[in-house]
Structure formats: structure tokens, C-alpha cells
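Some notes on the structure that comes next.
The values are calculated or read from the model by the stated rules, or taken from the named source; none is laboratory data. Because the structure is a prediction, the values reported are computed rather than measured. So basically every Cβ, Gly included, is an ideal-geometry build from the backbone, and we count neighbours across all protein chains shown. With ligands, DNA and RNA removed, areas are computed over all heavy atoms of the protein, side chains included. Shrake-Rupley method; radii C 1.70, N 1.55, O 1.52, S 1.80 Å.
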Amino acid sequence: MPVSIQRVSKTYNRYGTSVDALDDVSLNIPDGQFVSLVGPSGCGKSTLLSLVGGLETLSRGQISRTGQPAIVFQEAALFPWRTVLDNVAFGLQLRGVGKRERRDRAASALRMVHLARFAEAYPYELSGGMRQRAAIARALVLDPTVLLMDEPFGALDAQTRALLQDELLSVWERTRKTVLFVTHSLDEALILSDRVVLFSARPGRIVADVAVEAPRPRDTADPPLAALQRHLRDLLAAEVEKVARAEMDADWEGAAVTAPSPEQNVGADI
Amino acid sequence: MAESISRISTAANREQAQSETEAGVLRRSQRRAWGGRLLFFSSLLALWWGLAASGVWSASLLPSPAAVAASLAEIGASGLLLPAIATSAQRMMIGYVISLAVGTMLGLALAQVRAVDETLGPVVTGLQSLPSISWLPPALLWFGAGEAAVLFVIVMGAVWSIAQAVRSGVRSLPPLTLRAAQMLGAHGPRLWWHVLLPATLPTFLTGMRLGWAFAWRALMAGELLSRSLRPGVGRLLSQGRDTQDMAMMLAVIVVILAFGLAVDRLLFLPLERVVARRWGVEGA
Ligand SMILES: Nc1ncnc2c1ncn2[C@@H]1O[C@H](COP(=O)(O)OP(=O)(O)O)[C@@H](O)[C@H]1O
Ligand SMILES: [Mg+2]
């Protein structure tokens, strides 16, 4: 298993309060599987990716994984002072790969996401979709076994998103990376993945873990997929409603009765 | 979609920098700005000329622009001016390079180590508001009446704003930039060198520019006050005072202004423009 998550919990401690982000999550992901993580916002999806990526330390449980995963974030977070090619080559540079080789490898990663023509451009010259493709190339060039993607297309317009979904699938079909893909869109999850994992409201627990077997390219209007979508949508709606209710409670009585959340703490500092 | 297409074409034609019309508009507006400036400064000069000619003040208090220009030519020809400028410029170079090194390291420490920020942070803010020429008397005792004392005053002028700029630049970095760097494997000194410093360059440049201005003021004050130093531009000013030569004093002030302005316009401003353009769009 390239990724094995065993009974993982995560509690953040900040400003003297603690937030339970994940509660007893277990997930085994076989080699080459494309898995989507879906859940209401704040349920700990990004936290789980950070834990798998080694950017956060876990509170309880165990995670094992093959190699160092690469991450693609919601924003490209490219370095504006480097050309696209040098952005993609940066990870290799840090690993001591020689200039010639890292430029060659970066260029071929850029070809994979159809961005080769813009190798010498600077990030400010690219559109949002192009930047996101550069970010994908920057992750792919490290040739990770596991690719972690945190709502990578969430900030893009609908047409660009559809385009990038297609490209991602073709890259995945060629490289067969193991992919953990966070999204808040059930549609996106169903179109892309082999498996959809649905999380509860915070603290995140797994409420559904379903295989999606329809052949690609997919259309969520197809009856079997549509039925699966309805099923997951109802589950998701119930969790989202819990979040909404919790937020209202905090608004009404939180200040006087319940412990303040960290977000409130910041504002109430003075 | 239209926006992304236009951006694609901008990128594709980037060798051309700007389309002809854009370049034309830019050139025209620049020409207008220069025209305005020319008009403003020539009116100012005319006013000065008129006042000097009116005889309200004696020529020893308000010499005419021509007298100042003549004095400038005279100190230039006498062989005093160029060595003085060279001496001051050299002091600035040395003092500024020290300030950059110390200020950058101090700023990074303030930004990254909480204990340093909590202890030295308020000290830095405090010292920033202290006119650095106050350090001259103690520096003369500590280091003797030589170059070291005046360098100390320069560093005390420039280092704080550089440190503050580095600190606030690093502090205000988008968190995703840091996470991306971390994910790619940048840690420790390589994180500083490859990510933190270049990422903060826009703020850093502002601090550098401010630091330069403070250092230049500090140096002029130091040279004006300390007679034991090898003569720099500030010293010419005190020579003018000794001989009560107002035209010379004004001529030296023009030189001091011109030097400060030249470095700002020819070095810092173009740098800031390039950086703002490239860093400006992608905030994260
Ligand atoms: N670095 C952090 N410090 C404190 N709390 C955090 C931190 N990161 C996330 N959280 C909290 O943990 C919870 C889960 O966050 P996150 O994993 O970002 O959720 P999601 O990605 O599913 O929207 C949220 O309540 C968030 O406020
Ligand atoms: Mg998230």
C-alpha cells in the first residue's frame, strides 16, 4: 500500500484552545488508485493531506506511505521571481540534480501538462489555469509515488476546470500515480476517481467509502452514476447542515456560554 | 475565458514587451510628466532669480542661481569636489554593505525566532526613531576619531529600517508559499536563500531605499560635525560656513541632493519597478 492511514486523529492547539480536526480515520489506498476526499468545509480534508504529506504531525495513530508525496494546493503558489521552467525545476535543484538534467526533466514535465511553450514565461504572465498546470508539473517532476491534491481546481472557472480535469486524467492514465484528491464538488469526485471517501462534519470521520466503477470518460447524468451521486449528495447535505447548525449556535450563545473557537479568539483579542 | 486568452497572447508575445499603442500611450504620458516638471522647476528658478535680483536680501544671504552655479564650477575646478564625493561615496558603500548584511540577518532572526522578536523587536523599533547622528559623540570615544566612528553612525542609520523591512516581508508571506517550499524540500539556510529572501524582495527593496536615505543623512551630519575625518561632501559644507560663503554652501547642498537623488532614481527606482512588475500579480 503506498498510503496506509491507521486510526489517525489530529487535534490542533492554538491560543489555548484545541480543535479536533480528525477523529479516528483509517484508509488504505492501493497502488495507482485515484481517491477523492469529499466533505463539508472545515472537516479536516486539508489536514489529512498535510499529515500524509508530512507537513503536520499527527496526534494519534499511524501513517505509512511510499516515498515523499508531492502536493498541489488550491493556489499554484509558484515563485514569482522564477520562470515557469525554474519553478518546476526547483525541487530537483534542492535535491542536487545537475542544471542540465533538471532543466530537461522540468521541460518534459511541462510537456506533460501542455505548458512547454511557456517554459521561459514568468508566473504573472500566465492565466490561473496555466499556473495550476505549472504547479502540477512541479509536483510530477519529482516523480512521487503519491500525488496529493488539495482542491487544485477550486479557484478556476468552470470551463478551465473541465479542461484541467481531462488533462489530469490523461496524466494519471499515463503515470498511474496514486492520487489523493480533495474536492468540495461531488461532480468532480465522481468524474475523476476510482473511489470517493466522504467525511463527516468536524471532527472529520469517514461516513462513506464507495468505489466508482463506471468507465471513463464519465458523465454524471448516466443513471448508475446519477444514483450514486444522489446517495452521496444526501449524506453530504446532512453533514453540511450539521456544520451550519454548529456555526449558528456559536453565534447565538458562544460568546457567553461555550468555549470560543480560535477564529473568534483572534477578533476578541482586545 | 476572454481574459485568459488575452493573457495567453501577452505571454506569447512577451519579447515585444508592449504593443505599439500601449508603448505610445506610455511615452506620451511620460513626455507630459517631464513637460510639467520642466515648467515647475524653471518657474522655481525664475522666482529665486527674481528674489535675488530684487535686493530684498543681500547677496551674502541669498545669492543668485548664477552665483551658486559659478561656485559649483569653482569647487569642481579647484579639485575639492570630486575627491570629496569619492570619499563620501566610499563611506556609504562600506557602511551600507555592512548595514545590509547585519540588517538582513537581524530581520530574518526577528521574523523567525519568537524569542528574538519579543526581546529585540521593541529595541529595533525604538532605535529606528533615534536620529543616528546621536551616536557620533559616543562613537568618537569608542572607536577614536576615524573612519570607524562615522561608519558606525551610517550603520546605525540604515540597519533598522532594513531589518524591519525583512521582518515584515517574511511575516506577511502567503502561507501557501511557505508550504510549497516546505513540500519541495526547502529547509534551513536554503529556505532563507532560495525562498524567504527573494519572496520578500519587494518589501526588502523599500527598506533598502529607506535605509539608504537614512544612511546618507547620517553620513552628511557626521562629516559636517567631525573635523578630524578625511574631508567628504559634508565637510565642504562646513568649509562654506567657515568662510561665510553662502553660494558655496548652497552649491554643496545641491551636490548632496543630487547624489541622493541620483542613487534613488538610477538604482533603487528601476529595481523597484522591475520587481513590482514581476512580483505584483501572483500574490500566492
Ligand atoms: N494550523 C492550524 N491551526 C489551528 N487550527 C487549524 C489549523 N489548520 C486547520 N485548523 C482547523 O482544523 C479544522 C480542519 O481544517 P482543514 O483541514 O483545513 O479543513 P478542510 O480542508 O476540510 O476545509 C478547521 O476547523 C480549521 O480551523
Ligand atoms: Mg481545505
Whole-number percent relative contact order across the stretch A:76-143, with pairs defined as alpha carbons under 8 Å at least 6 apart: 48
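Working with all protein chains in place, sort A:GLU173, B:GLU272 by solvent-accessible area computed with a 1.4 Å probe, largest first. List each step's numbers first, then the result.
Values: A:GLU173 90, B:GLU272 40 Å².
Sorted descending by solvent-accessible area, the residues read A:GLU173, B:GLU272.
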Carbon + sulfur, % of accessible area of the stretch B:65-278 - ligands and nucleic acids excluded, 1.4 Å: 71
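Specify whether the C-alpha gyration tensor of the stretch A:37-92 places it in the rounded, prolate or oblate class, a ≥ b ≥ c being the square roots of the eigenvalues: rounded for a/c under 1.5, otherwise prolate if a/b is larger than b/c and oblate if not.
On the way: a/c = 3.09, a/b = 1.68, b/c = 1.84.
Judged from the Cα gyration tensor, the stretch A:37-92 comes out oblate (a/c at least 1.5, b/c at or above a/b).
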With DNA, RNA and ligands ignored, accessible area of B:ARG28 (1.4 Å probe; Å², nearest 10): 130
29 Å Cα-Cα reach of A:LYS242 towards lysines, excluding residues that sit fewer than 8 places from it in its own chain: A:LYS10, A:LYS45
A:ASP187-B:VAL97 FRET efficiency (beta carbon distance; Förster radius 51 Å; 0.05 resolution): 0.30
Spin-label pair A:GLU120/B:THR125, simplified geometry with 7 Å Cα→Cβ offset, distance in nm: 4.8
Cβ-derived FRET efficiency at R0 51 Å, B:SER134 paired with A:GLU173, nearest 0.05: 0.15
Residue-level accessible surface for A:HIS231, protein heavy atoms, 1.4 Å, Å²: 90
Test item: A:187-196 mean partner chain Cβ contacts at 10 Å: 0
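Sorted by mean Cβ packing within 10 Å, highest first, what order do the peptides B:256-262, A:235-241, A:66-72 take?
Values: B:256-262: 13.4, A:235-241: 16.1, A:66-72: 20.9.
My ranking of the peptides, most packed first, is A:66-72, A:235-241, B:256-262.
What shape does chain B take by its C-alpha gyration tensor, where a ≥ b ≥ c are the square roots of the eigenvalues and a/c under 1.5 counts as rounded, a/b above b/c as prolate, and the rest as oblate?
Working: a/c = 2.92, a/b = 1.31, b/c = 2.22.
It is oblate, given that a/c is not under 1.5 and a/b is not larger than b/c.
How big is the antiparallel share of DSSP beta bridges in chain A, given as a percent to the nearest 5? Each step should come with its number before you reach the end.
Numbers: 19 of 36 bridges.
Of those bridges, close to 55 percent are antiparallel.
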Value of relative contact order over chain B, rounded to a whole percent, pairs C-alpha under 8 Å and six or more apart: 22
Highest-fluctuation residue, B:SER29, B:SER60, B:SER129 considered, GNM on chain B with Cα pairs under 10 Å: B:SER29
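Once the Cα gyration tensor of the stretch A:163-219 is diagonalised, what are the square roots of 5 times its eigenvalues, in whole Å and ordered largest first, as equivalent ellipsoid semi-axes? Walk me through the numbers before you get to the answer.
Values: eigenvalues 98, 28, 24 Å².
Gyration-tensor ellipsoid for the stretch A:163-219: 22, 12, 11 Å.
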Heavy atoms of B:MET93 accessible to a 1.4 Å probe, total area in Å² rounded to 10: 120
Solvent exposure, largest accessible area first (probe 1.4 Å, DNA, RNA and ligands not counted), of B:TRP160, A:TRP172: B:TRP160, A:TRP172
Residues listed by number, the stretch B:193-219, amide nitrogen under 18 Å from B:TRP142 label point at 7 Å toward C-beta: B:215, B:218-219
Other protein chain Cβ atoms within 10 Å, averaged over every residue that makes up A:67-76: 3
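Kirkwood hydrodynamic radius of the protein assembly as shown from all distinct Cα pairs, in Å? Show your work: numbers first, answer last.
Numbers: mean 1/r = 0.0353 Å⁻¹.
Evaluated on the protein assembly as shown, it is 28.4 Å.
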Accessible surface, the stretch B:65-278, averaged per residue in Å² (probe 1.4 Å): 47
Shielding score for B:233-240, defined as the mean number of other chain Cβ atoms within 10 Å: 0
Label point distance in nm, A:GLU213-B:GLN112, each placed 7 Å from Cα along Cα→Cβ: 5.3
Area hidden from solvent between A and B (accessible, protein heavy atoms only, 1.4 Å, total, Å²): 3100
Chain A: C-alpha gyration tensor shape, a/c 1.5 cut-off, then a/b vs b/c: prolate
Mean Cβ neighbour count within 10 Å, used as a protection proxy, ranking A:56-63, B:161-168, B:141-148 highest first: B:161-168, A:56-63, B:141-148
Degrees separating the helix B:2-12 axis from the principal Cα axis of chain B, which is the longest one: 70
Accessible surface of chain A [probe 1.4 Å, protein heavy atoms]: carbon and sulfur percent: 49
Cα long-axis angle, helix A:128-140 against chain A (0 to 90 degrees, to the nearest 10): 80
Relative contact order [Cα under 8 Å, 6+ residues apart], chain A, whole percent: 25
Range of Cα positions in the stretch B:119-244 per principal axis (Å), largest first: 66, 27, 22
The stretch A:76-143: radius of gyration and largest Cα-Cα distance (Dmax), Å: 10.4, 30
Cα→Cβ-extended label distance, 7 Å offset, between B:ARG265 and A:ALA158, nm: 5.4
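How do A:GLU101, A:GLU213, B:GLU118, B:GLU223 stack up against each other in accessible area, from largest to smallest, with a 1.4 angstrom probe? Spell out each step's value before the answer.
Details: A:GLU101 95, A:GLU213 165, B:GLU118 120, B:GLU223 5 Å².
Highest to lowest solvent-accessible surface, that is A:GLU213, B:GLU118, A:GLU101, B:GLU223.
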